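The values are calculated or read from the model by the stated rules, or taken from the named source; none is laboratory data. Quantities reported herein were computed from a predicted structural model and do not represent experimental measurements. With ideal geometry, Cβ positions are generated from the backbone for all residues, glycine too; neighbour counts draw on all protein chains shown.
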């Protein structure tokens, strides 16, 4: 792209995937990491790497000398030297003259310094007006200090290390005063803080890209609309304090509703807007039992919860990070021009993703069968990181499964999750329990009726949808008795992920047409036969819609055909459903052919008798 | 994945993208190439590369010593030493003892040797029963020999170098005997052959993966069904004898029909099945003016026409090559289990791709604005190869644009094609002419009617589809007068890429229902009002379908609603169409609100007068 060289502090998997994205744009990378065989170094052949620690000032200075800009893939770096490099400059000796060259650091060293101390991070978030769990810094690592903190926070609480904490390391739950000695023993060597216990319904995460240097002051400030853009809100599932699964989107739409998603995006963007410098940030949130959103923590770099973006979005989080720190352009959102700010980087259309981390097991190759199985899985992409030894729980790679629907992705990833559970139960010496995973699937078809008396007519169609493995939601919305409920239902359906609406009504059957008038979705109308007129009233009320508002009308009382029509519509873009529609037709044909055979064998007279 | 190291002869862009795919599976790569800064070496940090020529026996032996298997990214390699390594083995000196170790070469050295001599390649294809253009080897590079060849082939003919020919280098058109001296002067240093001139309607290509070692004997042999699998058939557009554009799928479905696509796939698989060893093969074909398919040439390696697979298919051609040569598994096709053999690696659902090569221009940075523009383009992924100097016409990178439909991809890539044309016209000092490109788009909606007398009823609906930018095909299929035509139409519709069928009929209106009985697609029925019964006969004939075969019926004569219903169905999976449906509803609302205003302003009496 251009001649710039980017120095990365840290050479793990995040650095590796960042390097891969840089190569595609022909950007040069130099990696600072202790190991000569670090994952990121393995895939970077052209540039002299620096071998050394990302905490070592001299090694960082040596890296900076080779680069136009520095960035990080881990936040536990020496920020004093980053501050010096960015503000004062590197000493350059040339022909006996000493000059100084400043090298950009993105995100800003101040952001890294604030975030690497988790207590400071939370204080900063509070100053921005962003909700997090209440927390108290411990003035000393003593039982007295912790007891005092517990007085304001209550039990249980979480004792946390302020620094060097990741993947659950540095956390200790304190359920009662009797846990205090063990907690202090486990974490006592680092500065600590105590955090109020959060009962969460689920964990969600969102990657946010910051594209301008300045930091907002928070509060009513709306710079976040200008200087950030968001990726989709995803659901994360942790196990043993390590990320296990990421669902994009969350299949639990009853919990992680569209409203919750919008709020989470805004909170995350507001939070990131208050940090300094540019780049991607991984924002982890709790959705509490009381439906509150609290930020758990923020990573000022690419993040495990954003791996899915490689396959599921046009632009991966790695690509976005490079574009942000180098001031390269972003593509527009679907709204055209600069709409990426408002719409964010979205999932590719008709795309749902599930990411599963591949963790090391009890043996050096315990995780290999999962990798092999991933190669055999439709929609799966395998990413191995080139890590050395596989230790239990070590992140060796990940698998992203893509399908057209969250259902589809869930169906495909399930065997892999089972294998991962087996690997874990092996090294933990535990029986294979129920794994934490999201399972409820969002409905694709909404079925509604004017009155519960229409339900018997709809029943065969609903059963058929279930048999075809198509998710649905059944409700009642009367055009005449609950008009406002009906409008809300129709207007919200598309944003809830519904693809087709089936509406049944009898008599002056206004429901299907009124719903069609308030949604861009295809609406299938089922005329219900009433006590007079043989259903002709219902049929004509539904089918004879004015120009501009179509209702796909099926035969009187024929909910089976409504269900099959919905399946055909979904099948236009879902090969699995299309296959099932074909199979249904074949079974129907077989059924008739069997009768043909029987009729011809028995003769028609005998057939009538036996029938 | 496992501990194997793969040696690649050649380190250009194909080797680079192969290396990228290998890294994701944690496979080790060693690259043999003259330049220390070769594209593939730039992204491979861990392994000692071999600097040297892929034609140099010693360099190849040195590479083999480090590897478990050798493969190629270019066919102009020394096959004598590959034969020796694979058949006799490498000399290994250990503790004074000389032993030999055989190293696998994939594809087989015999395949590479046959293909690198284009005349031998064509002879071999003919022996397999695969059609190619007639050709004659020149016994000597003399005018007499060429005149004699022309006697059997006729003028114009193409004089071609048998070896070291690629990207149009090594070809010289001989239009009449007077061109002979210039042709021999241009190509005279290499062994030559003459080829019959092919007038082609378009060029198509297909990547084929060979997954077993043995070669079929051709003829009636059906091993190709077992030992090969195909990628989608694509249309390629060449300019200055270099690949410029690849369309997946071809937007010109009237030309590159479903039948032609199926045939091309079979020919390509039959051809590849007749070569030895494993790996991907790029097969280029001509579709002639007379609708014949001729193989132009085969490359025994990843190919420019397969770059689009990185974004558009689950499995890229590079990933497939590695799996094939290492006997790693493939994911199943949509039909389950081992169906990938029959269905091939398909495009991701609702995915169309266009690939544009980024070629060097008159200056070293002439191609950079296109790269920048690609970053600003929705659906575009940029791949730069890390090539050195940008020479005119040199392949510096490529851009793949993905959209839900061929329309969408075409729309997005167009500005980039214009920029590429400008770069070319600059260095060629030519005025900007019409660029060669495919433009016609495949229909999404098929509209059919029982009789041309139904056309006036359908006209408003067809016009609306056009206004909504939805592609359609209009035809006549009478259930009663052309029953077999109707069945064929209905049965082929889905495989032709049609998503929705609109069928109009009057009286005993059987057409919509009969079509619905022969397709899994959603069928919309438009009852046409006849001269008696006010259309009630048509309506009931269409709507009262038996259970199992739904027809989405709209109001009598209301083709507008049929079109809008089709748009809503397509809109369930196409955000652009959904947006247009919403806009249509808004315009309708605005139209009514304007009337409201006028009515209230004028009073109802005046309104009636003025109306």
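How many residues are part of a loop (DSSP other than H, G, I, E, B) and touching a helix residue (DSSP H, G or I) at 6+ places or on another chain (Cβ under 8 Å) when one looks only at region B:286-298?
Residues flagged as part of a loop (DSSP other than H, G, I, E, B) and touching a helix residue (DSSP H, G or I) at 6+ places or on another chain (Cβ under 8 Å) within region B:286-298 amount to 1.
May I ask you to say which residue of A:522, A:512 is within 8 Å of chain B (Cβ to nearest Cβ), touching a residue at least 40 places away in the same chain (Cβ under 8 Å) and within 19 Å of residue A:490 (Cβ to Cβ)?
After ruling out the rest, the residue left standing is A:522.
Can you name every residue in region A:452-477 that is outside any strand (DSSP E or B), in contact with a strand residue (DSSP E or B) (Cβ under 9 Å, 6 or more places away or on another chain) and farther than 20 Å from residue A:570 by Cβ?
Going through region A:452-477, the residues outside any strand (DSSP E or B) turn out to be A:452-471, A:477.
If we keep only those that are in contact with a strand residue (DSSP E or B) (Cβ under 9 Å, 6 or more places away or on another chain) as well, we get A:452-455, A:457-458, A:461-462, A:465-466, A:470-471, A:477.
If the condition is that a residue be outside any strand (DSSP E or B), in contact with a strand residue (DSSP E or B) (Cβ under 9 Å, 6 or more places away or on another chain) and farther than 20 Å from residue A:570 by Cβ, then A:452, A:453, A:454, A:455, A:457, A:477 are the ones that fit.
Within the bounds of region B:85-96, is there any residue that is surrounded by fewer than 23 Cβ atoms within 10 Å (Cβ to Cβ), touching a residue at least 12 places away in the same chain (Cβ under 8 Å), in contact with a helix residue (DSSP H, G or I) (Cβ under 9 Å, 6 or more places away or on another chain) and in a helix (DSSP H, G or I)?
Checking region B:85-96: at least one residue is surrounded by fewer than 23 Cβ atoms within 10 Å (Cβ to Cβ), touching a residue at least 12 places away in the same chain (Cβ under 8 Å), in contact with a helix residue (DSSP H, G or I) (Cβ under 9 Å, 6 or more places away or on another chain) and in a helix (DSSP H, G or I).
With the checklist (1) more than 14 Å from every other protein chain (Cβ to nearest Cβ); (2) surrounded by fewer than 20 Cβ atoms within 10 Å (Cβ to Cβ); (3) in a loop (DSSP other than H, G, I, E, B); (4) in contact with a helix residue (DSSP H, G or I) (Cβ under 7 Å, 6 or more places away or on another chain) in hand, flag the one item residue B:75 doesn't pass.
(2)
Give region A:20-41 a look and list any residue that's facing another protein chain (nearest Cβ under 8 Å) and surrounded by 24 or more Cβ atoms within 10 Å (Cβ to Cβ), or say none.
Result: A:23, A:24, A:41.
Restricting attention to region B:491-500, and to residues there that are outside any loop (DSSP other than H, G, I, E, B) and at the interface with another protein chain (Cβ under 10 Å from one of its Cβ atoms), which single residue is surrounded by the most Cβ atoms within 10 Å (Cβ to Cβ)?
In this case the residue turns out to be B:500.
Might you let me know whether region A:44-56 holds any residue that is within 14 Å of chain B (Cβ to nearest Cβ), surrounded by 22 or more Cβ atoms within 10 Å (Cβ to Cβ) and either under 23 Å from residue A:298 (Cβ atoms) or touching a residue at least 60 places away in the same chain (Cβ under 8 Å) (or both)?
no
Taking the criterion of being more than 12 Å from chain A (Cβ to nearest Cβ), assigned to a helix (DSSP H, G or I) and closer than 26 Å to residue B:480 by Cα, would at least one residue in region B:580-595 satisfy it?
No, region B:580-595 contains no residue that is more than 12 Å from chain A (Cβ to nearest Cβ), assigned to a helix (DSSP H, G or I) and closer than 26 Å to residue B:480 by Cα.
Filter region A:526-564 for residues that are more than 8 Å from chain B (Cβ to nearest Cβ), free of Cβ contacts under 8 Å to residues at least 40 places away in the same chain, under 25 Å from residue B:582 (Cα atoms) and touching a strand residue (DSSP E or B) at 6+ places or on another chain (Cβ under 7 Å) and give the result.
A:542
Would you check if there is a residue in region A:306-315 being surrounded by fewer than 20 Cβ atoms within 10 Å (Cβ to Cβ) and modelled with pLDDT of 95 or more?
No, region A:306-315 contains no residue that is surrounded by fewer than 20 Cβ atoms within 10 Å (Cβ to Cβ) and modelled with pLDDT of 95 or more.
Return yes or no: is residue A:59 touching a helix residue (DSSP H, G or I) at 6+ places or on another chain (Cβ under 8 Å) and either within 22 Å of residue A:319 (Cβ to Cβ) or surrounded by fewer than 24 Cβ atoms within 10 Å (Cβ to Cβ) (or both)?
No.
Among the numbered criteria (1) touching a helix residue (DSSP H, G or I) at 6+ places or on another chain (Cβ under 7 Å); (2) part of a helix (DSSP H, G or I); (3) modelled with pLDDT under 95, which one does residue A:261 miss?
Status for residue A:261: all satisfied but (1).
Mind checking whether some residue in region B:202-210 is part of a strand (DSSP E or B) and surrounded by fewer than 24 Cβ atoms within 10 Å (Cβ to Cβ)? Break it down into steps so the answer makes sense when it comes.
From region B:202-210, those part of a strand (DSSP E or B) are B:202-210; that's our starting set.
Those still in the list that are surrounded by fewer than 24 Cβ atoms within 10 Å (Cβ to Cβ) too: B:202-203.
Yes, because at least one residue in region B:202-210 is part of a strand (DSSP E or B) and surrounded by fewer than 24 Cβ atoms within 10 Å (Cβ to Cβ).
For region B:102-190, list the strands (runs of 3 or more DSSP E) that sit wholly inside it and hold at least 1 residues that are at pLDDT below 95 and within 25 Å of the chain's Cα centre (by Cα); which are they?
Output list reads B:171-174.
For residues in region B:565-579 being closer than 13 Å to residue B:465 by Cα and more than 7 Å from chain A (Cβ to nearest Cβ), which is surrounded by the fewest Cβ atoms within 10 Å (Cβ to Cβ)?
B:577
Examine region B:131-141 for a residue that is in contact with a strand residue (DSSP E or B) (Cβ under 8 Å, 6 or more places away or on another chain) and loosely packed, with under 15 Cβ neighbours inside 10 Å, and state whether such a residue exists.
Looking through region B:131-141, none of the residues is in contact with a strand residue (DSSP E or B) (Cβ under 8 Å, 6 or more places away or on another chain) and loosely packed, with under 15 Cβ neighbours inside 10 Å.
Of all residues in region A:505-554, count the ones that are assigned to a strand (DSSP E or B) and within 23 Å of residue B:559 (Cα to Cα).
So the count comes out to 7.
Go through B:339, B:362, B:366 for me and flag whichever is farther than 27 Å from residue B:390 by Cα and either free of Cβ contacts under 8 Å to residues at least 60 places away in the same chain or more than 17 Å from the chain's Cα centre (by Cα) (or both).
B:339
When you go through A:198, A:256 one by one, which is the residue that is assigned to a loop (DSSP other than H, G, I, E, B), at pLDDT below 95 and within 30 Å of residue A:142 (Cα to Cα)?
A:198
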